[in-house]
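Colleague: To start, I am sharing the structure in question, which I have written as C-alpha cells.
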Amino acid sequence: MTSAPLASVLFVCVHNAGRSQMAAGFLAHLAGDRVEVRSAGSLPGDRVNPAAVEAMAEVGVDISAAEPKVLTTQAVQASDYVITMGCGDACPVFPGKTYLDWELEDPAGKGVASVRPIRDEIRRRIEALVAEIDARAGS
C-alpha cells in the first residue's frame, strides 16, 4: 500500500534550468516518494544547464533527463510549498500555500566550479525543508 505524499513542492526560477532543477533533484533524492516534486520557470530555457547537471552528478544526483517546464497556475494550485528563486512577481499567489523565496546566485553561464557552492547551499536548504515537512507531518 502506498501512502499519499506528505507534501507537494514546486520550485520556480526564471529559466527552470539551474537552481530549480538542482533543488527538485535534491528533494526527490532525499525525500523519495514522501514528497511530490515539481519545478517550472517563468521563461523556461531550452535545456538544463550542463554545469548544474555535472555538479549534481558529482554528488550522486542525476538530473540529466530533466527538461525546463513553463510555470502554470495549476502547478502552483497543486503545491503545498512554492519556493521561488529569482522569478520576481511572475508566480501567482494563492491562500493556504507556504511561499518561500530563496535568494541564490544564478548559475547561468557559470562553470561547474562556480556552480558547486550554489549546489551545496541548495542541498542545505533542501535538508532543512525535508526536516520541516517531516515535522509538520508528525504533528
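Colleague: Just a yes or no: is a residue in region 66-79 among the hydrophobic types (A, V, I, L, M, F, W, C), touching a helix residue (DSSP H, G or I) at 6+ places or on another chain (Cβ under 9 Å) and open to solvent by 20 Å² or more (accessible area, probe 1.4 Å)?
Modeller: yes
Each row is one residue, and each column tells you yes or no for (1) aromatic (Phe, Trp, Tyr); (2) assigned to a strand (DSSP E or B); (3) in contact with a strand residue (DSSP E or B) (Cβ under 8 Å, 6 or more places away or on another chain); (4) within 20 Å of Asp134 (Cα to Cα).
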| residue | (1), (2), (3), (4) |
| --- | --- |
| Ser3 | no, no, no, yes |
| Ala24 | no, no, yes, yes |
| Ala40 | no, yes, yes, no |
| Asp46 | no, no, no, no |
| Val82 | no, yes, yes, yes |
| Val93 | no, no, yes, no |
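Colleague: Would you confirm whether or not region 50-65 contains a residue that is touching a residue at least 24 places away in the same chain (Cβ under 8 Å), of a type in the set (Val, Ile, Thr) and under 18 Å from Glu132 (Cβ atoms)?
Modeller: no
Colleague: Can you tell me how many residues within region 31-59 are surrounded by fewer than 17 Cβ atoms within 10 Å (Cβ to Cβ), of a type in the set (A, V, I, L, M, F, W, C) and over 22 Å from Ser79 (Cα atoms)?
Modeller: Within region 31-59, residues that are surrounded by fewer than 17 Cβ atoms within 10 Å (Cβ to Cβ), of a type in the set (A, V, I, L, M, F, W, C) and over 22 Å from Ser79 (Cα atoms) number 2.
Colleague: If you go through region 91-102 one residue at a time, do you hit one that is surrounded by 20 or more Cβ atoms within 10 Å (Cβ to Cβ), modelled with pLDDT of 90 or more and not aromatic (Phe, Trp, Tyr)?
Modeller: Checking region 91-102: not a single residue is surrounded by 20 or more Cβ atoms within 10 Å (Cβ to Cβ), modelled with pLDDT of 90 or more and not aromatic (Phe, Trp, Tyr).
Colleague: Which members of region 106-131 meet the condition of being farther than 18 Å from Val59 by Cβ and open to solvent by 70 Å² or more (accessible area, probe 1.4 Å)?
Modeller: Scanning region 106-131 gives a single hit, Gly109.
Colleague: In this structure, does Ala28 turn out to be open to solvent by 10 Å² or more (accessible area, probe 1.4 Å), assigned to a helix (DSSP H, G or I), among the small types (Gly, Ala, Ser) and modelled with pLDDT of 95 or more?
Modeller: Here the answer is yes, as Ala28 does meet what is asked.
The values are calculated or read from the model by the stated rules, or taken from the named source; none is laboratory data. Predicted, not measured: the structure shown is a model, and the values here were computed from it. Cβ sites come from the backbone with ideal geometry, for glycine too, and all protein chains shown count toward neighbours. When the accessible area is computed, the model is the full protein with side chains, heavy atoms only, and any ligands, DNA or RNA have been set aside. Shrake-Rupley method; radii C 1.70, N 1.55, O 1.52, S 1.80 Å.
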